[in-house]
Amino acid sequence: MDKRPRILTGDTPTGRLHLGHWVGSLENRIRLQNDYDCFFLIANMHAFTTRADEPAAIRRDTLEIVKDWLAAGIDPERSTLVLQTEIPAIAELSWYFAMLLPFNRVMRNPTLKTEIELKDLGDHYSFGFPLYAVGQCADILVFRPELVPVGEDQVAHIEMCREVGRRFNWTYAGVDPQAKDEDHIARGGIFPIPRALVGRVGRLTGTDGKNKMSKSLGNAIFLTDTNKEIKKKMGALYTGRKTMTEPGDVNNALFQYVRAFIKDPARVAELETKYAAGDNIGDGHIKVEVAAAMEELLEPMRQRRAALEGEAGDRRVLEILHAHTAKANAVAEETLYAAKQAMKLDFGRRSIVFP
Ligand code: ATP
Ligand code: MG
């Protein structure tokens, strides 16, 4: 048994990974791989909540995201890569959690509200769409993690996950509702109350200069973009500034990128001072400098990814997912059985065979 505290986090296969993922979560995952027993989940079931009619695209993006992970430095020798649809305990636990969360509490979740608006889902989203927020509580808690590295938009979801963990422990395991979060396990709770760990930049703005950089909004710089694509996207970034002598706003998207990707703090400070003063420095020049910094970050990823291209790469990814999902199921089944025992549903243990 691995004694290290656990991490659980993941991504939905609604596209490829972008720089927002890097600064918001991926960077932390890679940094913490030694000290934590890490589980990284592909939420492929949740991808169906917005793209039920696109199974082939979901499958393709599933493989592409795993390739992005490996290219970014997630090490399959140290971390466990989990395919959500192969972990039945998650779906079961989602049902039990759905009974512990008031309907209106779920619908008030600000992250869901923002997503409905941004993705233009109107009032025609599926029943499964809001259910994903409940399912995500199960994704997390079934691995009983201490820490969940995520971007800022996910904090509301993690808060709901913490709430459901507390409520379960109180309802079925007799943990005092006043108990401190960190004491839940010592007091006999089934689930730890995990903490969100938000990355260096909690919400990276997209190249539209306005919304969160997002796979589904057409405003992302992907980890797999070529230098040419990056330059083009950076070139089109809107700042609203017209001349080099006009004082610029160092809180705009361009300067968020300056701080996120230019490594030398002295250069960042110099750019900020000049820009704020309108000291003869053009947006175009800064964009080129930022693009170069992004390229420097992405170059080693491109090299690692080159080894994963094509069918051989797909096979490698499927092998990893298969082997790792077996390990993940062992952990998830143990948690589910403990939860069912607490709920007086222990009518027999089962084991999942993954031949
Ligand atoms: P979608 O548009 O389908 O919602 P997404 O781009 O928001 O996709 P997710 O799979 O929903 O990506 O998010 C994966 C993780 O990356 C989450 O922890 C999320 O908070 C984080 N993340 C996503 N976009 C950003 C961003 N722009 N800045 C910081 N973190 C982000
Ligand atoms: Mg999202």
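We did not get these values from a lab; they are worked out from the coordinates using the rules stated. Worth saying up front: this structure is predicted, and the values here are computed from it rather than measured. Methodologically, a virtual Cβ is constructed for each residue, glycine included, from the backbone with ideal geometry; neighbour enumeration extends over all protein chains shown.
Quick look at the numbers
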| read-out | value |
| --- | --- |
| Local electrostatic count, G278, Cβ distance below 14 Å [Lys/Arg +1, Asp/Glu -1] | -2 |
| Relative contact order for the stretch 221-355, counting Cα pairs under 8 Å that sit 6 or more residues apart, in percent | 24 |
| Gyration tensor (alpha-carbon) shape descriptor, the stretch 256-355, a/c threshold 1.5 | oblate |
| Percent breakdown of C-alpha pair distances by 5 Å bin, ordered from the shortest bin, for the stretch 310-349 | 6, 22, 16, 13, 12, 10, 8, 7, 4, 2 |
| For the stretch 149-229, alpha-carbon Rg and Dmax in angstrom | 18.6, 59 |
| Candidates E64, E289, E117: whichever shows maximal mean-square fluctuation once the chain is modelled as a Gaussian network with Cα springs under 10 Å | E117 |
| Cα-only Debye scattering, the stretch 185-224: base-10 log of I(q)/I(0) at q = 0.16, 0.17, 0.25, 0.30 Å⁻¹ | -0.56, -0.59, -0.86, -1.01 |
| Isotropically averaged projected area of the stretch 87-166, using the convex hull of Cα atoms (one quarter of hull area), nm² | 5.5 |
| Charge sum, other residues only, whose C-beta stays under 15 Å from F347's C-beta, Lys/Arg counted +1 and Asp/Glu -1 | +1 |
| √(5λ) per eigenvalue of the Cα gyration tensor, the stretch 36-81, largest first, Å | 24, 12, 6 |
| Amide proton proximity set for C38, modelled H, under 5 Å, gap of 5+ | I7, T80 |
| Rounded, prolate or oblate (a/c below 1.5 giving rounded, otherwise prolate when a/b exceeds b/c) for the stretch 251-308 by Cα gyration tensor | prolate |
| Relative contact order computed over the chain (Cα-Cα under 8 Å; 6+ residues apart), in percent | 22 |
| Gyration tensor (Cα) of the stretch 81-236, equivalent ellipsoid semi-axes in angstrom | 33, 18, 14 |
| Local net charge near R4, Cβ-Cβ under 15 Å (Lys/Arg +1, Asp/Glu -1) | +1 |
| Proximal lysines relative to K231, as straight alpha-carbon distance under 17 Å, when same-chain residues fewer than 8 apart are discounted | K287 |
| Amide H contacts of V150 (H built 1.01 Å from N, under 5 Å, at least 5 apart or other chain) | L197, V198, G199 |
| Normalised convex hull volume, the stretch 14-58, alpha-carbon set, Å³ per residue | 85 |
| Flagged links, alpha-carbon separation over 32 Å, of K180/K215; K119/K340; K180/K263; K113/K327; K67/K233 | K180/K215; K119/K340; K180/K263; K113/K327 |
| Per-selection Rg to Rh, the stretch 223-290 - Cα, Kirkwood hydrodynamic radius | 0.96 |
| Cα-based Rg of the chain normalised by 2.2 N^0.38 Å, two decimals | 1.06 |
| Convex hull volume per residue for the stretch 42-144, taking Cα atoms only, in Å³ | 126 |
